[in-house]
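Take a look at the structure set out below.
The values are calculated or read from the model by the stated rules, or taken from the named source; none is laboratory data. Given the structure is predicted, the values throughout are model-derived calculations rather than measurements. Cβ coordinates were reconstructed from backbone atoms using ideal geometry, including for glycine residues, and neighbour counts include every protein chain displayed. Only protein heavy atoms, including side chains, enter the accessible area calculation; ligands, DNA and RNA are left aside. Shrake-Rupley method; radii C 1.70, N 1.55, O 1.52, S 1.80 Å.
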Amino acid sequence: MDKFRMIFQFLQSNQESFMNGICGIMALASTQIYSAFDFNCPCLPHYNLAYGLGILLVPPFILFLLGFVLNNNISMLAEEWRRPQGQRGKDPAVLRYMFCSMAQRAMIAPVVWVSVTLLDGKCITCAFCTSVPVEILGNASHPSLSQGDMKRVLARIPCKEIYDGQELIANEVAIRYLRCISQALGWCFVLLMTMLAFLVRSLRPCFTQAAFLKSRYWSHYIDIERKLFDETCTEHARSFAKVCIQQFFEGMSTDLVAAHCHLPRKAPEDAGEATEKLLGITDWDTMNMALKSWHRCKPPLHLHTPALPSGNGWAGEGQPPVHRSVPQREMAAYYSWV
Amino acid sequence: MDHFRMIFQYFQSNSESVMNGICGLLTLASIKMYTSIDFSCPCLPQYNMAYGLGIMFVPPIALFLCGLILNRQSLVMLEEWSRPQGRRKKDPAVIRYLCSSIMQRAMVAPAAWIIVTLLDGKCLICAFSGSMDPEKFVDFASASPVQVQQLLAKVPCKDEELMRNNTSRKAVSRYLRCWSQALGWSILLILIIAAFLARWLRPCFNQAALLQARHWSNYIDIEQKIFEETCCEHSRLFAHKCILHFFESMRQEVKLHSFSLSREGEGSEGDQALLRGITDQDQVNKLLKMWYYEKPPLDVSKATQR
C-alpha cells in the first residue's frame, strides 16, 4: 500500500505526469482488449470487408473519444473557450496548446490498437481475402469459376474448417500472403507515426519556444486557479453551513424557552463545554421538535450577523435572533495554507 | 518498502538514471514485441527478401526514434542548440556531449532487436533462402530453374506439404540459421568490445574537458527543471492572490449594496472573516455567476500592495 501511495503521489504531484500515466494505462488496456477480443470473421463475400475494416477503425475512434473523456482538462478547455471576455482577455494560443496536448495524449491508444491489429494480421486477412491474386498464387490447372462462386470460395479463406477451395488456391499460401501484407502495412504505420511524433517534438524547440513557454505557463495557471477557487468555495460553504446550523439551534432553544415557559436556562459557571454544546436542547420532546423542524422547515440561506437585534418571535421560520450571552465559538481555522 | 522507496528516490533524483531506466524498459519491450509478434514469411519468390529485411530493419528505426522521443535530454539539447546567444555563451562541447549520450542510449533497443532477430534466425532464412545455390542441395539440383526458385522460396515454411519432410529444406534451413547466429554473436561481440574500449579508454583522452561538459549538461537539465517548478509555484501564488482579491471585491460590493446587515459585530470578527461578507444565497449565486461571466483581470498588483 505504501508503494502504491508513493507512486500515486509521484504521479499526482506533476499534472503532466498524471496524464502521461493515464495515457500509458490506456495504451496497455487497448492491447489487452485486443487480445481478449474473440475475432470472428463472418467468411461471407460482402460482410468480410465491413467486419474487418470495422474492427480496424471503430475501436480506435472510441478509444480516442475515451481519451478525451478521461482527461480532466477537457472541461477546463471548454470553460475557457466559452466564457465571456469580461475583464480578462482570451488568448487563443493557450486554447490551442491545451487542445493539442490533449489530442496528442488521446491519440496514443488508437495508434496502438491499429498497430497491434495490423501486426496481428487477422483483420486484413478477413477484409481482403476476396482480393487475393489467384492468378499468381493459385493453381493454374484448376478450371475457372464464375465471379460470384470465386468470391464465395475466397471469402472462406480465414475460416479454415469450412474452406473448400484447396484446389483453387492453398489456404496457407493465401493466409501467409495476406498476413505478410498486413504486417508490412503495420510496420510502415508504426514507422510513420514515430517519425511524425519525432518531428513534432524536435521541431518545436527550434521555432516557437518562447510562445510555447508562455502558453504552457498560462494553461497551468488556469488549471491551478480553477482548483483553488473550488477549494475556497468549499471552505466558504463549510463555514456557511456551520453558522447556519448554529443559528438554527440557537433560534430553536430561544423560542422554546419563550413558547413553553420553561425555566430560563441558566448557564452555571461550572457547566463545562458539554452543556454548552447541548445548545439548550435537553429533553426528548425538544430534540424531536428540533429534528421535525429541521425536516419540515429548513432555515433560509441567510445568515444574520450577531450584532443585529431582532425582536421577532420564532414563527416556525428560521430567522433566529442570537443570544447575547452566547460565548464566542471557536471555529476551526481553515487558513492553514494562507 | 523502504528498499523500494530508496530505489525510487534514487531513480528520480538523477536524471541520467531515469534515462537509463527508460532505455532498459524500451529494450525489454523490443524483445517482448519480437517474441509476441507472429512472424510469417510469405514464401513467395519476390516477397521473401523484402519481408525478411523489412522485419530486420524497419522496427529498429522506429525503436531508435522512440528512444529519442522518450528521452527528456533531447529536448534540453535542442533548446540549448536553438536558443539565441543572449548573455550566456554557447558551448559546443556541451551540446556534443548531450548528443552523444542521447544517441548511445537510443541505440540500445534497436541493437537488441537486430541481435535477437539474428540469433533467432527466421528473418535471415526468409530473406536469403531464394539466393542459395541449388547445386549444393540434392533435391533442388534436379529441378528446373523456375521450379527451383519456387522451391527455395518455400524453404522457410515448414508446414507446406511439399516441404514437410524434405531433407534439403532442412539442410538449407540449418545452413542459413548457422550463418545468422554466427552473424548475431559476432555483432554482439563487436558491440560489447566497442563499449568496453570506449569506457576504458575514455579517461585517457581529455578527461578534464569531459568532466566540464558533463557538469554543464547536468546543470542545464537541473536549471530547466527548477525553472518549471518555480513557474508552477508562482502560478499557484498568483492564483491564490487573484481569488482572494476577487472575494474581497465581492465583499466591497455587498457592503455598498446592502443596507443594514453588514456591520461588523464585536464578537463575530472570526465568523465574518471566514465568510468574507458573503452570507446569503443570492450573494453566493451572484459570486459564482461573476466568476464565470467576468473573471477578474490577471493583475494582482493592488492585492500585493495591501
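Look at B:S173 and say whether it is over 30 Å from A:P205 (Cβ atoms), open to solvent by less than 40 Å² (accessible area, probe 1.4 Å), among the polar types (S, T, N, Q) and assigned to a helix (DSSP H, G or I).
yes
Please pick out the residue among A:E250, A:E231 that is at pLDDT 80 or above, of a type in the set (D, E) and touching a Pro at 6+ places or on another chain (Cβ under 7 Å).
Exactly one of A:E250, A:E231 is at pLDDT 80 or above, of a type in the set (D, E) and touching a Pro at 6+ places or on another chain (Cβ under 7 Å), namely A:E250.
Suppose we filter B:A213, B:A198, B:A209 for residues that are exposed (fewer than 12 other Cβ atoms within 10 Å of the Cβ) and touching a residue at least 60 places away in the same chain (Cβ under 8 Å); which single one remains?
Checking each option against the conditions leaves just B:A209.
Before we move on, is B:N48 over 18 Å from the mean Cα position of the chain (by Cα), within 12 Å of another protein chain (Cβ to nearest Cβ) and not hydrophobic (A, V, I, L, M, F, W, C)?
When the stated conditions are applied, B:N48 passes them.
Out of the residues in the range B:74-98 that are away from every other protein chain (no Cβ under 12 Å) and in a helix (DSSP H, G or I), which is most open to solvent (accessible area, probe 1.4 Å)?
So the residue we want is B:R96.
Can B:V155 be described as hydrophobic (A, V, I, L, M, F, W, C) and either modelled with pLDDT under 90 or not in a helix (DSSP H, G or I) (or both)?
Here the answer is yes, as B:V155 does meet what is asked.
Are any residues in the range A:173-196 free of Cβ contacts under 8 Å to residues at least 40 places away in the same chain and buried (at least 17 other Cβ atoms within 10 Å of the Cβ), and if so, which ones?
A:V173, A:R176, A:C180, A:A184, A:T194
Among what's in the range A:71-104 and is among the small types (G, A, S) and not in a helix (DSSP H, G or I), pick the residue that is surrounded by the most Cβ atoms within 10 Å (Cβ to Cβ).
The selected residue is A:G86.
Looking at the range A:222-249, which of its residues are in contact (Cβ under 8 Å) with a residue 40 or more places away in the chain and hydroxyl-bearing (S, T, Y)?
Correct list: A:S239 only.
Quick check on B:S129: is it more than 34 Å from the chain's Cα centre (by Cα) and modelled with pLDDT of 85 or more?
Considered against the rule, which asks whether it is more than 34 Å from the chain's Cα centre (by Cα) and modelled with pLDDT of 85 or more, B:S129 comes out as yes.
So, in the range B:216-239, of the ones that are touching an Asp or Glu at 6+ places or on another chain (Cβ under 7 Å) and either more than 11 Å from chain A (Cβ to nearest Cβ) or farther than 23 Å from A:S219 by Cβ (or both), which residue ends up most open to solvent (accessible area, probe 1.4 Å)? Reasoning before the result, please.
Here is the first cut: in the range B:216-239, the residues touching an Asp or Glu at 6+ places or on another chain (Cβ under 7 Å) are B:216, B:220, B:239.
Cutting the leftovers down to either more than 11 Å from chain A (Cβ to nearest Cβ) or farther than 23 Å from A:S219 by Cβ (or both) gives us B:216, B:220.
On the way: B:W216: 119, B:I220: 25 Å².
Going through the qualifying residues, I end up with B:W216.
Within the range A:132-150, which residues are open to solvent by less than 80 Å² (accessible area, probe 1.4 Å), away from every other protein chain (no Cβ under 11 Å) and in a helix (DSSP H, G or I)?
The answer is A:V134, A:G148, A:D149, A:M150.
Test A:Q32 against the stated conditions and say whether it is closer than 23 Å to A:E225 by Cα, within 13 Å of chain B (Cβ to nearest Cβ) and out of contact with any Gly (no Cβ under 6 Å at 6 or more places or on another chain). So that I can check it myself, show each step before the final result.
On the way: closer than 23 Å to A:E225 by Cα: no; within 13 Å of chain B (Cβ to nearest Cβ): yes; out of contact with any Gly (no Cβ under 6 Å at 6 or more places or on another chain): yes.
Taking the combined requirement at face value, the residue does not satisfy it.
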